[in-house]
Structure formats: C-alpha cells, structure tokens
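S.K.: One structure follows; several queries about it will come next.
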Amino acid sequence: MDRGVVLSDLDRYAVEEIDLDEPGAGEARVRIAATGVCHSDLHVVRTGHNHPLPVLLGHEGAGVVEEVGEGVEHVSPGDEVVIGWRSPCGECRWCLRGAEHLCRTPPMAVGRMHTGDGKDLIGVFRAGTFATRSVLHGASLVRLPVDLPAEQACLIGCAVATGVCSVLKTAEVWEGAGVAVIGCGAVGLSVIQGARIAGAAEIHALDLDERKLEAARRFGATHTGDAEARRLDFVFDVVGRPETVAQGLSMLGHAGTLVYIGLPQPGSEATVSLESAFDRRVRILVSHGGDHVPAEDFPHLAELAVDGRLDLAGMVTKRIGLDDVEQAFADMEAGEVIRSVVLP
C-alpha cells in the first residue's frame with residue numbers, strides 16, 4: 001500500500017494509505033524520489049485554491065517512471081524525471097497558436113488515485129508528489145539531459161522554474177538592468193539567481209527576515225534593504241500582497257516593469273495610480289510559474305545547474321520524511337529553511 005499526505009478538509013491533512021490504479025492511455029506511474037515543500041501547498045491547505053477535496057498535496061517533484069500506459073513513448077520504465085505541473089495540453093487555442101506558456105488546461109490523470117476508503121483523489125496542480133508513488137499524465141514527465149540528485153532536480157519543478165523563468169522569460173531582463181526582489185524565500189532566491197544569470201547590474205533583495213537577506217547575498221544580491229525609489233527597471237513581487245504591489249510600483253523608474261509572482265489571498269485587491277503609471281510608462285506583468293514550459297525549460301535549467309551558474313544544492317536546507325510535512329510547513333513560515341525536501 002502506498003502512502004501520501006492527503007488534505008481532507010481545509011487545514012486538515014494527514015499521512016494516509018492511498019490506492020493507485022494502473023496507468024491508462026497517456027499516463028504513467030512514478031515512484032516519487034524527492035519533492036520540495038512549497039508555500040503553494042500551504043496556500044492550498046488554507047484556501048483550497050480551487051481544488052476539490054480530498055486532494056493529495058505536493059507538486060514540486062522528481063521520481064522514477066515505473067510503468068507507462070498506451071501512447072507514452074517519450075519516457076520508459078526506469079527513466080528519472082522531473083514533474084511539470086503546468087505542462088501544456090497542445091490542443092487549446094493558446095497551444096495551437098504557439099503560446100504554450102499560456103495554456104489553461106494542462107492534462108492530468110483522472111480517477112487513478114484513491115483514498116484508503118475509496119474516494120477519488122486528485123493531486124495538487126495535477127501532480128500529488130507528497131506520496132510514495134503517483135499516477136500522472138505522461139505529458140508532465142520531463143527527462144533531464146544531465147544527471148542531478150533527485151533532491152536538487154525536484155526544485156526545478158516549481159520554485160526554480162518559477163523564479164528563474166520569471167526573469168528570463170516573463171520579464172526578459174537585460175544585461176545591466178536594475179532589479180529588486182520583494183520576498184526572498186525559495187522563489188525569491190531563484191529570481192535573484194535568474195537576475196544574476198541575466199547579467200543584471202544591481203539586484204536589490206527586500207525581506208523582513210535578516211536571515212533571508214543573508215541568503216539573498218549568497219545567491220547573488222548586490223544590495224539588501226529598500227532601494228531608492230523610482231529608478232529600477234524591474235521589481236519582482238514574490239509576496240503578492242496589496243502593500244508589496246504598492247511598494248514595488250514606487251521603486252520603478254521610467255518605463256519600469258513590476259512582475260507579479262506571489263499567489264494572492266482570496267479577495268485581495270491592489271490600487272494603481274493611473275496618472276503615475278501613464279506618466280512613467282509603467283508595465284505590470286503577471287508571472288504564472290515563470291511562464292515556463294517544462295519540456296523546454298527544465299533541461300535548460302538543469303544544464304545551468306551542472307555548469308555551476310545555478311545553485312540548487314544551496315537551496316536544500318532539510319531532508320525529511322512524509323511524516324514531517326507539518327513541521328516543514330512550520331519551518332517554512334518561520335523562515336528556518338529555504339527548502340525542505342521530502343524523501344518518501
């Protein structure tokens with residue numbers, strides 16, 4: 001019998017026995033080797049975030065393919081893969097016009113996982129990686145061209161792709177740009193690494209926790225604390241609150257860009273001065289997972305890591321088991337870790 005962290009009601013989750021069916025056409029069963037504890041999972045725990053309950057938590061994972069269904073040819077049993085929670089469907093209007101990063105209907109395996117008492121179980125963001133094994137749509141499985149430890153490779157699946165690709169793809173930060181990052185958790189540190197890779201001249205890190213600012217310096221921040229207002233080219237809001245949106249806008253210079261990354265709380269709103277935005281030609285971009293396309297971007301990120309340009313090892317603070325997820329959430333909120341990684 002497999003085990004997984006199941007959210008049965010808001011703020012109520014536990015490690016339970018789960019049942020897996022054989023993968024159907026286009027699907028695969030994966031043994032989870034490592035999965036990062038991401039703040040988005042805690043967001044689901046508290047708000048549901050449009051997930052029907054019960055739901056299997058976890059979405060930032062890496063594992064080994066055990067079995068594939070009919071039609072799955074790009075991976076085979078024994079392959080090591082990273083799980084892409086936003087892999088495009090290939091059939092919607094956005095995919096058909098070549099904008100796969102805008103796909104709103106990533107495919108998922110449905111009806112293949114169940115709770116111990118027989119209820120259908122879906123995974124958070126079509127994944128479900130806080131488990132010993134999971135049944136996933138084959139499109140979400142990406143092989144890397146280089147060897148990485150699973151505890152590092154799993155981070156590419158969410159935090160790293162979201163942060164780095166927000167810089168390189170969503171914002172297209174140029175060499176010599178002035179950048180600020182509000183919120184220096186795992187995603188924020190990945191934004192900082194992306195800005196360093198892009199060749200930004202200044203990278204300002206902002207956070208209320210001095211420990212996170214120290215980490216930001218290690219990962220490439222050139223300045224910490226509030227930047228001089230109205231002079232930066234890009235501000236990345238990883239927190240996603242009305243007050244951080246206002247702070248980010250105030251820090252932009254002429255033709256500056258605010259990149260909004262953080263998941264919003266239900267019902268939250270931000271106010272924008274239209275006069276100021278018009279006068280300064282401000283842009284506001286929304287980054288959904290860094291607009292990454294897993295099959296395209298995961299291999300590139302892995303190569304950056306192997307080349308020493310992207311530090312994944314430094315982001316792994318703790319290695320834990322499934323039974324330690326509740327403590328991992330607490331550690332994350334307390335700022336004690338960059339990433340806890342579950343090794344089921």
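S.K.: Test Ser76 against the stated conditions and say whether it is of a type in the set (Ser, Thr, Tyr) and over 21 Å from Glu16 (Cβ atoms).
M.R.: Spelling it out, Ser76 is indeed of a type in the set (Ser, Thr, Tyr) and over 21 Å from Glu16 (Cβ atoms).
S.K.: Residues in region 21-43: is at least one of a type in the set (Val, Ile, Thr) and open to solvent by 20 Å² or more (accessible area, probe 1.4 Å)?
M.R.: No, there is no match, as no residue in region 21-43 is of a type in the set (Val, Ile, Thr) and open to solvent by 20 Å² or more (accessible area, probe 1.4 Å).
S.K.: Any idea which residue in region 114-139 is nearest to Trp85 (Cα to Cα), counting only those that are open to solvent by less than 10 Å² (accessible area, probe 1.4 Å) and small (Gly, Ala, Ser)?
M.R.: My answer is Ala127.
S.K.: Among the residues of region 254-267, count how many are over 17 Å from Cys165 (Cα atoms) and surrounded by 12 or more Cβ atoms within 10 Å (Cβ to Cβ).
M.R.: Of the residues in region 254-267, 3 are over 17 Å from Cys165 (Cα atoms) and surrounded by 12 or more Cβ atoms within 10 Å (Cβ to Cβ).
S.K.: Then there is this: Would you mind finding the one in Glu80, Glu70 that is without any contact (Cβ under 8 Å) to a residue 60 or more places away in the chain and open to solvent by 70 Å² or more (accessible area, probe 1.4 Å)?
M.R.: Glu70
S.K.: Can you tell me which residues in region 83-101 are open to solvent by less than 60 Å² (accessible area, probe 1.4 Å) and more than 22 Å from Leu144 (Cβ to Cβ)?
M.R.: Passing the criteria: Cys89, Cys92, Cys95, Gly98, Ala99.
S.K.: OK, next. Of the residues in region 284-298, how many are under 19 Å from Val82 (Cα atoms) and in contact with a Leu (Cβ under 6 Å, 6 or more places away or on another chain)?
M.R.: So the answer is 0.
S.K.: Also, I was wondering about something else. Just give me the residues in region 1-11 being surrounded by fewer than 15 Cβ atoms within 10 Å (Cβ to Cβ) and under 15 Å from Val124 (Cα atoms), in sequence order.
M.R.: Once the filter is applied, which keeps residues that are surrounded by fewer than 15 Cβ atoms within 10 Å (Cβ to Cβ) and under 15 Å from Val124 (Cα atoms), region 1-11 yields Ser8, Asp9, Leu10, Asp11.
S.K.: Out of all the residues in region 166-184, which are closer than 25 Å to Ala313 by Cβ, outside any strand (DSSP E or B) and not basic (Lys, Arg)?
M.R.: Ser166, Val167, Leu168, Val173, Gly183, Cys184
S.K.: Within region 52-67, how many residues turn out to be out of contact with any Lys or Arg (no Cβ under 6 Å at 6 or more places or on another chain) and either within 16 Å of Gly138 (Cβ to Cβ) or surrounded by fewer than 18 Cβ atoms within 10 Å (Cβ to Cβ) (or both)?
M.R.: Residues that pass the stated criteria total 5.
S.K.: Say whether the condition of being among the hydrophobic types (A, V, I, L, M, F, W, C) and either exposed (fewer than 13 other Cβ atoms within 10 Å of the Cβ) or free of Cβ contacts under 8 Å to residues at least 12 places away in the same chain (or both) is met by at least one residue in region 291-308.
M.R.: No, that holds for no residue.
S.K.: Determine which member of the set Val341, Val286 is open to solvent by less than 10 Å² (accessible area, probe 1.4 Å), at pLDDT 95 or above and within 19 Å of Ser40 (Cα to Cα).
M.R.: None of the other options fit; the residue is Val341.
S.K.: OK, next. Out of contact with any Cys (no Cβ under 9 Å at 6 or more places or on another chain) and within 24 Å of Leu42 (Cα to Cα), is that true of Ser134?
M.R.: The answer is yes for Ser134.
S.K.: Then there is this: Return the residues of region 301-344 that are aliphatic (A, V, I, L, M) and assigned to a helix (DSSP H, G or I); say none if nothing qualifies.
M.R.: If the condition is that a residue be aliphatic (A, V, I, L, M) and assigned to a helix (DSSP H, G or I), then Leu301, Ala302, Leu304, Ala305, Val306, Ala313, Met315, Leu322, Val325, Ala328, Ala330, Met332 are the ones that fit.
S.K.: A further question on this structure: Does region 150-165 contain at least one residue that is surrounded by fewer than 21 Cβ atoms within 10 Å (Cβ to Cβ) and part of a loop (DSSP other than H, G, I, E, B)?
M.R.: no
S.K.: What are the residues in region 102-111 that are part of a loop (DSSP other than H, G, I, E, B), open to solvent by 60 Å² or more (accessible area, probe 1.4 Å) and among the hydrophobic types (A, V, I, L, M, F, W, C), if any?
M.R.: Matches in region 102-111: Met108, Val110.
S.K.: Just to be sure before I move on: is Val187 assigned to a loop (DSSP other than H, G, I, E, B), modelled with pLDDT of 95 or more and open to solvent by 10 Å² or more (accessible area, probe 1.4 Å) in the structure I sent?
M.R.: It is false that Val187 is assigned to a loop (DSSP other than H, G, I, E, B), modelled with pLDDT of 95 or more and open to solvent by 10 Å² or more (accessible area, probe 1.4 Å).
S.K.: Give just the number: which of (1) surrounded by fewer than 22 Cβ atoms within 10 Å (Cβ to Cβ); (2) in contact with a strand residue (DSSP E or B) (Cβ under 8 Å, 6 or more places away or on another chain) does Gly314 not satisfy?
M.R.: Result: Gly314 fails condition (2) only.
The values are calculated or read from the model by the stated rules, or taken from the named source; none is laboratory data. As the structure is a computational prediction, the values presented were derived from the model and not from experiment. Cβ coordinates were reconstructed from backbone atoms using ideal geometry, including for glycine residues, and neighbour counts include every protein chain displayed. Accessible surface is based on the protein model in full, side chains and every heavy atom, while ligands, DNA and RNA are left aside. Shrake-Rupley method; radii C 1.70, N 1.55, O 1.52, S 1.80 Å.
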